[in-house]
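J.: Here it is: the structure, laid out below.
The values are calculated or read from the model by the stated rules, or taken from the named source; none is laboratory data. Here the structure is a predicted model, which means the values were calculated and not measured. Note: ideal-geometry Cβ built from the backbone for every residue, glycine included; neighbour counts use all protein chains shown. Please note that ligands, DNA and RNA were not included when accessible areas were found on the heavy atoms of the full protein model with its side chains. Shrake-Rupley method; radii C 1.70, N 1.55, O 1.52, S 1.80 Å.
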Amino acid sequence: MSYPIEQIRADFPILGEKIRNKPLVYLDNAASCQKPQAVIGAIVHTYSHEYANIHRGVHTLSVKATDKFEAAREKVRAFINAKSDKEIIFVRGATEAINLVAQSYGKSQLKAGDEIVISAMEHHANIVPWQMLCQQIGAVLKVAPINQQGELLFDEFESLLNANTKLVAITHMSNALGTINPVEKIIAAAHAKNIPVLLDGAQAIPHMAVDVQALDCDFYVFSGHKLYGPSGTGVLYGKQALLEAMPPYQGGGDMIRQVTFEKTTYAGLPHKFEAGTPAIAEIIGLGAAIDYVSAIGMDKIAAYEAELLDYATEQAREIKGLNIIGQAEHKGGILSFTLDHIHPHDIGTMLDSLGIAVRAGHHCAMPVMDFYGVPATARASFAMYNTRQEIDVLMQGIKSLIEVFG
């Protein structure tokens, strides 16, 4: 069956917008994806007909909202093939999930002199929380290098693993380069030395099928807003035994079993890590987003986006003065580039005048920019609703930009 691109595009209301009197060409998906009507509708329906606070109420609205919220947890569990819904913790995004692991697992399990290994292509969200933990407890952060293509130097990564290594935290797919890391190999190498692995899946989750049991990762984190769901939602997957041994990250309502002034006992999983009122309607919306992409099929989405990236890369290589940053053999739908003598911010501004939305900057990956010796890049990032025609518009825009700057 062919890929239903026209139907998919029709499901996203914002794709019909005009920007500066030009049809919107939205190529900023690595920063955040647009939302299908199914997600928008789920949120509107919840607030219009079924909203109340969850878990504690016995009245009809509370029971309905609780059932929908917990149904979304089961959808996430099935989507990433976790063993149990107890392993699915709802958070505000991948950033909060990493901070939770750093402050709960890290503080309780690591000590001074222990080492944490990350890579040189990480997003700031998978650098800064570990730096903060290292400052707090005296642990040491080690960085596995990359090559000019933007690929992890696996042998050098493996050589960093030793008896002092207590955690590996690595991106599944780079937001700045598009590199898809060999995560199966990384996990196997770490587990051979009994080192747990956290995967930052914020970029990977909308582009490929993820099976946490097949991967055998210990933690997996992702954000809802990059998976066509609402902002302010995210997921921490953790193996049940690890989560059960970890202390709560925050204290408050819903994460307790019993409270007295002398002592508090905590709720079981997953509620131990979900203090306070969550983003109820938004999590229900995340469940709708998972239903939506699952109905299309993650393998179909991956194959379609791979074709888009190949097409865009071929076109880009034909443009004199365009330099692609990140040319890994295994890559997701991200095209980061610079143009000779034109600052990336000027690229972003000029393309916006043509209705084209790209990202310009360091993409929360300053060490990557330092590695390539550039202040910033322009980044076009593709999603399941983008088209070859939109890539043509982008490339024509880049050519006209080069002409203007002469």
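J.: Considering only segment 95-118, how many residues are open to solvent by less than 10 Å² (accessible area, probe 1.4 Å) and either of a type in the set (A, V, I, L, M, F, W, C) or without any contact (Cβ under 8 Å) to a residue 60 or more places away in the chain (or both)?
T.: Here the count works out to 9.
J.: Turning to a different aspect of this structure: Out of all the residues in segment 341-368, which are in contact with a strand residue (DSSP E or B) (Cβ under 7 Å, 6 or more places away or on another chain) and either crowded, with 18+ Cβ neighbours inside 10 Å or not in a helix (DSSP H, G or I) (or both)?
T.: 344, 347, 348, 354, 355, 356, 357, 358, 359, 360, 363, listed by residue number.
J.: Can you name the residue in segment 108-155 that is small (Gly, Ala, Ser) and assigned to a helix (DSSP H, G or I) and is also nearest to residue 203 (Cα to Cα) among such residues?
T.: In this case the residue turns out to be 125.
J.: Same structure, new question: Can we say residue 220 is closer than 21 Å to residue 36 by Cα and aromatic (Phe, Trp, Tyr)?
T.: No, not satisfied.
J.: Given the criteria at pLDDT 95 or above, open to solvent by 10 Å² or more (accessible area, probe 1.4 Å), under 25 Å from residue 30 (Cβ atoms) and among the charged types (D, E, K, R), does residue 166 qualify?
T.: Taking the combined requirement at face value, the residue does not satisfy it.
J.: Scan segment 51-77 for residues that are closer than 16 Å to residue 286 by Cα, of a type in the set (D, E, K, R) and without any contact (Cβ under 8 Å) to a residue 60 or more places away in the chain and jot them down.
T.: The answer is 67, 70, 74, 77.
J.: What are the pairs with Cβ atoms under 6 angstrom where one residue, in segment 364-390, is of a type in the set (Phe, Trp, Tyr) and the other, located anywhere, is not in a helix (DSSP H, G or I)? Sequence gap at least six, or different chains.
T.: 372/325; 382/333; 385/12
J.: On the given criteria, is residue 377 open to solvent by 20 Å² or more (accessible area, probe 1.4 Å), hydroxyl-bearing (Ser, Thr, Tyr) and at pLDDT 95 or above?
T.: Judged against the criteria, residue 377 is not a match.
J.: Please determine whether any residue of segment 335-349 is closer than 19 Å to residue 227 by Cβ and under 25 Å from the mean Cα position of the chain (by Cα).
T.: Looking for residues that are closer than 19 Å to residue 227 by Cβ and under 25 Å from the mean Cα position of the chain (by Cα), one finds none in segment 335-349, hence no.
J.: Something else: In segment 1-20, which residues are in a loop (DSSP other than H, G, I, E, B) and either at pLDDT 95 or above or open to solvent by less than 40 Å² (accessible area, probe 1.4 Å) (or both)?
T.: Listed by number, the residues that qualify are 3, 4, 11, 12, 17, 20.
J.: Hey, any hits in segment 42-54 for a residue that's at pLDDT below 95, closer than 30 Å to residue 272 by Cβ, open to solvent by less than 30 Å² (accessible area, probe 1.4 Å) and part of a loop (DSSP other than H, G, I, E, B)?
T.: Checked segment 42-54: no residue is at pLDDT below 95, closer than 30 Å to residue 272 by Cβ, open to solvent by less than 30 Å² (accessible area, probe 1.4 Å) and part of a loop (DSSP other than H, G, I, E, B).
J.: Got a number for residues in segment 344-365 being within 18 Å of residue 173 (Cα to Cα) and of a type in the set (Gly, Ala, Ser)?
T.: Of the residues in that region, 1 qualify.
J.: Still on this model: Kindly evaluate residue 405 against the criterion of being at pLDDT below 95, out of contact with any Ser or Thr (no Cβ under 9 Å at 6 or more places or on another chain) and over 30 Å from residue 293 (Cα atoms).
T.: yes
J.: Looking at (1) open to solvent by 30 Å² or more (accessible area, probe 1.4 Å); (2) out of contact with any Lys or Arg (no Cβ under 7 Å at 6 or more places or on another chain); (3) not charged (D, E, K, R), which is the only condition residue 32 fails?
T.: That leaves (2) as the condition not met.
J.: Please give the strands (runs of 3 or more DSSP E) falling wholly within segment 184-301 in which 3 or more residues are open to solvent by 30 Å² or more (accessible area, probe 1.4 Å), closer than 21 Å to residue 107 by Cβ and not aliphatic (A, V, I, L, M).
T.: Passing ranges, in order: 264-266.
J.: If you take the residues of segment 289-311 that are under 15 Å from residue 386 (Cα atoms) and not aliphatic (A, V, I, L, M), which of them is farthest from the chain's Cα centre (by Cα)?
T.: Once the filter is applied, the top-ranked residue is 311.
J.: Do we find that residue 269 is closer than 30 Å to residue 27 by Cβ and either touching a residue at least 12 places away in the same chain (Cβ under 8 Å) or under 13 Å from the mean Cα position of the chain (by Cα) (or both) in this structure?
T.: So residue 269 fails the test.
J.: Can you pull out the residues in segment 287-324 that are under 30 Å from residue 340 (Cα atoms) and among the hydroxyl-bearing types (Ser, Thr, Tyr)?
T.: 311, 313 - these are the residues of segment 287-324 that are under 30 Å from residue 340 (Cα atoms) and among the hydroxyl-bearing types (Ser, Thr, Tyr).
J.: Out of all the residues in segment 263-270, is one or more out of contact with any Lys or Arg (no Cβ under 9 Å at 6 or more places or on another chain), basic (Lys, Arg) and farther than 27 Å from residue 5 by Cα?
T.: For segment 263-270, residues out of contact with any Lys or Arg (no Cβ under 9 Å at 6 or more places or on another chain), basic (Lys, Arg) and farther than 27 Å from residue 5 by Cα: present.
J.: Residues to consider are 78, 176, 97; find the one that is outside any helix (DSSP H, G or I), closer than 24 Å to residue 231 by Cβ, modelled with pLDDT of 95 or more and under 22 Å from the mean Cα position of the chain (by Cα).
T.: Within the list 78, 176, 97, the selection yields 176.
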